[in-house]
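**Student:** This is the structure I want to talk about, given as structure tokens.
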């Protein structure tokens, strides 16, 4: 039993152990350790497992037939662990044989057209039949592409490993089954809800354990979640991998250095600080030979890497391969969590530089080079190196060294794309350099019709794109080809035909149809098609975002909230999604939910002043007055102290002066000291806004203890408000502004009349008030029409002026 467990673990991590075949260890295990995967697939041991069902049935789908055969063999074997390991090894060998041909290489020597064929399947093992079975099992649009190599191998792996997942003796069967499903998903055009449901169930309990290589398995789980765009479980799995690998932390920091050859002054440059937990057990180093070559930049301006000054940059500790893989997957998570712009490029590159600084494991090195090339292909000074580097990686994938087992170590824990995807990256890099015809040749060879249509468009040969699609449709009518023809000809009937061809189950047909309208800003027309596409396949994060935007533009707030809720479920750090969700909640009267949505948005983007503006406004509406003050201080930090939002400030002051209850049921007057401090900060920078000064005066006048100093400050703030109001050009000609100034002047008169009773020089204060009131009345009365409309306000202010003059006469008589 212990021997079989040790063998299972060695198979899982592609490790070498000493095997004694005389003790009954299955021969397939020895072949697996040699990397002779096709020998296992076509061996009598493998054929024996499926012999009964293949001879008894001809009508069942191939995938169900193979799965039944594996299950029956396991049932017959009972508690024989060796026989269970034999089935596991056959399924794992089929998966590894597929990975060798589709992803990592090396290309098997002397394989002809029948290379990679499962010979004992006979006619049922032909590629067309296997591809049809994969398409049916994945469902919907998630069919494998026409260039998917050797589909019988992938089908055999998935079918053989599924019964192993539930076998009580197989410790690693569940994980191998998850590996097969993830590999299957990566070969598909679209995310498959059917595969996602099965994969999520297998990953729910985490890796089998305890195992020495647990960190690698957590990384595989993170990669599977990222494949479906689920960032929250991906982040949790990645954190678990970091802990298991002994990584205490990763953080971007700034350090002084030079980036270009002619730079004289050191400037702040981003770099990655890596902290290692020395107390954690380390995965043994797995150094590979014949690593893919990292090409030099050789630019006449930019340096190969940033030259940091002295001890400015943090020292990079030696990292094991699994720790490098954690950094690499963190790169993918960060990339998925933020917009694609120049700043993102600068923030992402340090992760790859850390990995590439010390090449160790073949799979990690190859993946890092591809990811760096994808970044650099969009930069003018690095685009040429990106193209050459991708060409180098393609050659390395096809080259004979190192052997397949060295390439498979850690492969499933890295984001290394399939070989066809790397070739597509190379073609896209050629497009960036203007070599469109060369890129077109690659796309045509790979049967990447969508990219080929784009190249034809760039070459002003759009008619040839339509002809190409029509030729392919003449051979076989498929949903993707009809959709592309619709895009190329702007013919909606092609989308209709694709929808009917799929028996109204194609998410892709409805997505292309929706985007036809969306690109023309016909959002109302696009919404039904977006909804239908998402009903067919909900695993389309970008389409949820577009549905939310279309609903927002058409003010369909309920649908907008539904779409953006789904967006933030898939990507909890999507600031735009949270912000738009909050807007939808506000529009539907759900302000408390809007407030919570904005709090989540702040976690994603703490430096966005518009977001803080929304937080302040919604906090005022829901009565979270402490949050209003915090948000407003943050706005002042971000806006150099000159932000003014009168409605928010009015709500805050009215709540405090009226002693209303806040969202926690406490009296809002408790916020008076913080609000006074806030107004003090605002008025130190904004000195010419009359409403700010008036609110400041109103807040000061609400203090429980009205001392002479408090009364004087109130009068001073009103005087500042009055001065700011009357200095605005044409204030008396506008009815609303004039009415506000008259009201302000009336409050000023009241404040002076109150203040003069406790001040040592009351006559001076009242004389100043009289001068201010007279100037206002004179200016208003010059505007005959406005004065007539506001006659009651003018009369009220005249009464206040008479009271001031009477008070002055009384003081003179004393």
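**Student:** Say we look at the range 446-488 and pick out the residues that are farther than 26 Å from residue 149 by Cα and modelled with pLDDT under 90; which of these is surrounded by the most Cβ atoms within 10 Å (Cβ to Cβ)?
**Tutor:** Filtering the range 446-488 for residues that are farther than 26 Å from residue 149 by Cα and modelled with pLDDT under 90, the one surrounded by the most Cβ atoms within 10 Å (Cβ to Cβ) comes out as 488.
**Student:** Next up: Just checking, how many residues over the range 536-565 are under 27 Å from residue 496 (Cβ atoms), modelled with pLDDT of 95 or more and part of a helix (DSSP H, G or I)? Quick ask: steps written out before the conclusion?
**Tutor:** Going residue by residue through the range 536-565, those that are under 27 Å from residue 496 (Cβ atoms) are 536-551, 553-554, 556, 559, 562-563.
Still in the running and modelled with pLDDT of 95 or more: 543-551, 553-554, 556, 559, 562-563.
Next, only the ones that are part of a helix (DSSP H, G or I) stay: 543-551, 553, 559, 562-563.
Summing the residues that are under 27 Å from residue 496 (Cβ atoms), modelled with pLDDT of 95 or more and part of a helix (DSSP H, G or I) in the range 536-565 gives 13.
**Student:** Give the residue, chosen from 52, 59, that is in a helix (DSSP H, G or I), over 42 Å from the mean Cα position of the chain (by Cα) and at pLDDT below 90. First the steps, then the outcome.
**Tutor:** On the way: 59 fails: in a helix (DSSP H, G or I).
The match here is 52.
**Student:** Sticking with this one: Those residues that are within 15 Å of residue 744 (Cβ to Cβ), free of Cβ contacts under 8 Å to residues at least 40 places away in the same chain and part of a helix (DSSP H, G or I), I need them from the range 675-698; list them, please. Break it down into steps so the answer makes sense when it comes.
**Tutor:** Initially, the range 675-698 is screened for residues within 15 Å of residue 744 (Cβ to Cβ), giving 688-698.
Narrowing the set further to residues that are free of Cβ contacts under 8 Å to residues at least 40 places away in the same chain leaves 688, 693, 696.
Matches in the range 675-698: 693, 696.
**Student:** Considering only residues that are in contact with a strand residue (DSSP E or B) (Cβ under 8 Å, 6 or more places away or on another chain) and at pLDDT below 70, which ones fall in the range 128-144?
**Tutor:** So the first thing to find is which residues in the range 128-144 are in contact with a strand residue (DSSP E or B) (Cβ under 8 Å, 6 or more places away or on another chain), and the list is 131, 134-135, 138, 142-144.
Passing the criteria: 142, 143, 144.
**Student:** While we're on this one: Go through (1) crowded, with 16+ Cβ neighbours inside 10 Å; (2) more than 29 Å from the chain's Cα centre (by Cα); (3) in a helix (DSSP H, G or I) for residue 322 and report which single condition fails.
**Tutor:** (2)
Residue-by-condition table, conditions (1) touching a residue at least 24 places away in the same chain (Cβ under 8 Å); (2) surrounded by fewer than 18 Cβ atoms within 10 Å (Cβ to Cβ); (3) under 24 Å from residue 658 (Cβ atoms):
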position: 700; (1), (2), (3): yes, no, yes
position: 710; (1), (2), (3): no, yes, yes
position: 714; (1), (2), (3): yes, no, yes
position: 717; (1), (2), (3): yes, no, yes
position: 733; (1), (2), (3): yes, yes, no
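**Student:** Does residue 39 fit the bill of being surrounded by fewer than 16 Cβ atoms within 10 Å (Cβ to Cβ) and either modelled with pLDDT of 90 or more or assigned to a loop (DSSP other than H, G, I, E, B) (or both)? If you could, list the steps in order and put the result at the bottom.
**Tutor:** Numbers: surrounded by fewer than 16 Cβ atoms within 10 Å (Cβ to Cβ): no; either modelled with pLDDT of 90 or more or assigned to a loop (DSSP other than H, G, I, E, B) (or both): yes.
In short, no.
**Student:** Oh, and also: List the strands (runs of 3 or more DSSP E) that sit entirely inside the range 192-308 and contain at least 2 residues that are surrounded by 15 or more Cβ atoms within 10 Å (Cβ to Cβ) and in contact (Cβ under 8 Å) with a residue 60 or more places away in the chain.
**Tutor:** Working: elements: 247-260, 267-276, 302-308.
Those strands (runs of 3 or more DSSP E) span 247-260, 267-276.
**Student:** Moving on to the next point. Among the listed residues 76, 82, identify the single one that is free of Cβ contacts under 8 Å to residues at least 40 places away in the same chain and in the same structural domain as residue 25 (by TED's automatic domain parsing). Give the steps one after another, and end with the answer.
**Tutor:** Working: 82 fails: free of Cβ contacts under 8 Å to residues at least 40 places away in the same chain.
When all the criteria are applied, what remains is 76.
**Student:** Does the range 746-761 include one or more residues that are in contact (Cβ under 8 Å) with a residue 24 or more places away in the chain, over 19 Å from residue 698 (Cβ atoms) and surrounded by 16 or more Cβ atoms within 10 Å (Cβ to Cβ)?
**Tutor:** Going residue by residue through the range 746-761, those that are in contact (Cβ under 8 Å) with a residue 24 or more places away in the chain are 746-756, 758-759.
The next check asks that each one be over 19 Å from residue 698 (Cβ atoms); those that pass are 756, 758-759.
Subset that is surrounded by 16 or more Cβ atoms within 10 Å (Cβ to Cβ): 756, 759.
Checking the range 746-761: at least one residue is in contact (Cβ under 8 Å) with a residue 24 or more places away in the chain, over 19 Å from residue 698 (Cβ atoms) and surrounded by 16 or more Cβ atoms within 10 Å (Cβ to Cβ).
**Student:** Among the residues in the range 517-528, are any surrounded by fewer than 22 Cβ atoms within 10 Å (Cβ to Cβ) and over 27 Å from the mean Cα position of the chain (by Cα)?
**Tutor:** The answer is yes, given that some residue of the range 517-528 is surrounded by fewer than 22 Cβ atoms within 10 Å (Cβ to Cβ) and over 27 Å from the mean Cα position of the chain (by Cα).
**Student:** I need the helices (runs of 4 or more DSSP H) fully contained in the range 357-445, keeping only those with at least 3 residues that are surrounded by fewer than 20 Cβ atoms within 10 Å (Cβ to Cβ).
**Tutor:** Values: elements: 362-376, 383-398, 404-408, 419-432.
In the range 357-445, 383-398, 419-432 are the helices (runs of 4 or more DSSP H) which contain 3 or more residues that are surrounded by fewer than 20 Cβ atoms within 10 Å (Cβ to Cβ).
**Student:** Then there is this: Mind listing just one residue for me: the one in the range 337-351 that is in contact with a helix residue (DSSP H, G or I) (Cβ under 7 Å, 6 or more places away or on another chain) and part of a loop (DSSP other than H, G, I, E, B) and, of those, nearest to residue 231 (Cα to Cα)?
**Tutor:** Across the range 337-351, the extreme among qualifying residues is 337.
**Student:** Could you check how many residues of the range 668-690 are surrounded by 13 or more Cβ atoms within 10 Å (Cβ to Cβ) and either within 42 Å of the chain's Cα centre (by Cα) or in the same structural domain as residue 727 (by TED's automatic domain parsing) (or both)?
**Tutor:** Total satisfying the criteria: 16.
**Student:** Also, I was wondering about something else. So, residue 782, is that one out of contact with any helix residue (DSSP H, G or I) (no Cβ under 8 Å at 6 or more places or on another chain), exposed (fewer than 14 other Cβ atoms within 10 Å of the Cβ), in contact (Cβ under 8 Å) with a residue 24 or more places away in the chain and closer than 20 Å to residue 795 by Cβ or not? Spell out the reasoning first.
**Tutor:** Working: out of contact with any helix residue (DSSP H, G or I) (no Cβ under 8 Å at 6 or more places or on another chain): yes; exposed (fewer than 14 other Cβ atoms within 10 Å of the Cβ): yes; in contact (Cβ under 8 Å) with a residue 24 or more places away in the chain: yes; closer than 20 Å to residue 795 by Cβ: yes.
Yes; evaluated as a whole, the condition is true for this residue.
The values are calculated or read from the model by the stated rules, or taken from the named source; none is laboratory data. Bear in mind the structure is a predicted one, so any value in this text is a computation, not a measurement. Every residue, glycine among them, receives a Cβ derived from its backbone with ideal geometry; neighbour counts consider all protein chains shown.
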